[in-house]
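This report refers to the structure that appears directly beneath it.
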């Protein structure tokens, strides 16, 4: 007789974030036209790919994972969510406007911001 198979349930790991200070330091050091300690701009859709390509082109000495974690930290702050307003410009790595915040993105940001404020 064969034994019944055991089912393995995998739990999704929570997103790893870096400290806000470390995220800001990394982003402002390497992309000062886009990131600032004093002002927050909506980021271009797909900015992570642009940052990764720029990191590779400039042969910067950190891994793409660090960019991902820094962006996760940055884009989940109340300050960032608050600037995602319908029609607001989105910015590329040179700090130039390249698109606008959609109604859907603004609505999602508003919901997330409300959720954060309740916690």
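Looking across the stretch 40-75, the residues that are surrounded by 15 or more Cβ atoms within 10 Å (Cβ to Cβ) and either part of a loop (DSSP other than H, G, I, E, B) or more than 13 Å from the chain's Cα centre (by Cα) (or both) come down to 40, 41, 42, 44, 54, 55, 60. Residue by residue through the stretch 26-39, note down the ones that are crowded, with 17+ Cβ neighbours inside 10 Å, over 19 Å from residue 82 (Cβ atoms) and in contact (Cβ under 8 Å) with a residue 60 or more places away in the chain. Listed by number, the list holds a single entry, 31. All conditions in (1) modelled with pLDDT under 90; (2) over 25 Å from residue 108 (Cα atoms); (3) under 17 Å from the mean Cα position of the chain (by Cα) hold for residue 14, with the sole exception of (2). When you look at residue 1, is it at pLDDT below 95 and either touching a strand residue (DSSP E or B) at 6+ places or on another chain (Cβ under 7 Å) or surrounded by 10 or more Cβ atoms within 10 Å (Cβ to Cβ) (or both), yes or no? Against the criterion (at pLDDT below 95 and either touching a strand residue (DSSP E or B) at 6+ places or on another chain (Cβ under 7 Å) or surrounded by 10 or more Cβ atoms within 10 Å (Cβ to Cβ) (or both)), residue 1 does not qualify. Put simply, of 91, 80 the only residue that is at pLDDT 95 or above and either touching a strand residue (DSSP E or B) at 6+ places or on another chain (Cβ under 6 Å) or over 14 Å from residue 17 (Cβ atoms) (or both) is 91. In the stretch 83-105, the residues that are part of a helix (DSSP H, G or I) reach residues that are loosely packed, with under 15 Cβ neighbours inside 10 Å and modelled with pLDDT of 95 or more with C-beta atoms within less than 6 angstrom, at least six apart or across chains, in these pairs: 103/86.
The values are calculated or read from the model by the stated rules, or taken from the named source; none is laboratory data. Being a predicted model, the structure only gives us computed values, none of them experimental. All Cβ positions, even for glycine, are placed from backbone atoms using ideal geometry, and neighbour counts span all protein chains on display.
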